[in-house]
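Just below is one structure, and these are the notes that go with it.
The values are calculated or read from the model by the stated rules, or taken from the named source; none is laboratory data. None of the values given here were measured: they were computed from a predicted structure. Here the Cβ positions follow ideal geometry from the backbone for every residue, glycine too, while neighbour counts run over all protein chains shown.
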């Protein structure tokens, strides 16, 4: 009986993971805090959704993020660790980057089940962004994904890959930036690897708009449409600097699956010239009894020339 219940839970988790396959959660803390606005934000983790933003960094950037949370009481603890890096080339016209994310659940507290039963997921991402001119940048990303369910019971394992193509328009009109991302554009089957269960990859189109107001306040919005699933997601957020811009506070929300799921978020950050430390809390209101997701991140920007620093200051990176 225990094994039967465990297999049922594994099947549910695997089915859920396949349905959300390629829906990468490689988010930076600034994006999380601003309701997961991710297509237009000039932060390193944005390259996983819109690689075209990378030429804006104009210096070597390294980032690490860690996340933990209990979304549903008794259904385990969520853990994530992500590393990202970006390097400018060709006089800052080209930028190459990549990242790796380890994600999973453990300690599922269900009567009669072994608490070591796990769900694990690993993302690998490689990206390139090229600045065509002052206004336009283009990007391309390759995403590889591995996942498995089960530890003490025979695990189900699978893998998949897909491509993201994107563009970024810098200061298009009166300080407004525009981003466009086409994610998972290859029509590939997603297979569990150990059964006949398959699904099509879900192509997603995301349009993002952002603006800095009065050289202080930053706001952004992402509008995402999942083609096969016929689902619309909306992200809204803003960022306010405080105490001589060394500290900043962010607030946002994400409306998912045609506005059926509401996910508010809040974040705080401490920033200096070459590094920043940030914290974010998200709480999906659809889940009851959990503590939400807590994320802590660190970003390091290596020193650059005065010309590069001036360019960054002009774009408020």
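Across the range 40-57, which residue is modelled with the lowest pLDDT among those that are within 15 Å of residue 128 (Cα to Cα), touching a strand residue (DSSP E or B) at 6+ places or on another chain (Cβ under 6 Å) and part of a loop (DSSP other than H, G, I, E, B)? Out of the qualifying residues, it is 57. The number of residues in the range 156-169 that are modelled with pLDDT under 90 and either crowded, with 17+ Cβ neighbours inside 10 Å or touching a helix residue (DSSP H, G or I) at 6+ places or on another chain (Cβ under 8 Å) (or both) comes to 4.
Kindly establish whether residue 214 is out of contact with any helix residue (DSSP H, G or I) (no Cβ under 8 Å at 6 or more places or on another chain) and farther than 25 Å from residue 185 by Cα. Before you say what the answer is, go through the steps one by one.
Working: out of contact with any helix residue (DSSP H, G or I) (no Cβ under 8 Å at 6 or more places or on another chain): yes; farther than 25 Å from residue 185 by Cα: yes.
Spelling it out, residue 214 is indeed out of contact with any helix residue (DSSP H, G or I) (no Cβ under 8 Å at 6 or more places or on another chain) and farther than 25 Å from residue 185 by Cα.
When each of 60, 82 is tested for being buried (at least 23 other Cβ atoms within 10 Å of the Cβ) and either in contact with a strand residue (DSSP E or B) (Cβ under 7 Å, 6 or more places away or on another chain) or at pLDDT 90 or above (or both), the lone residue that passes is 82. Could you tell me whether residue 88 is assigned to a strand (DSSP E or B), at pLDDT 90 or above, touching a strand residue (DSSP E or B) at 6+ places or on another chain (Cβ under 8 Å) and surrounded by 23 or more Cβ atoms within 10 Å (Cβ to Cβ)? So residue 88 passes the test.
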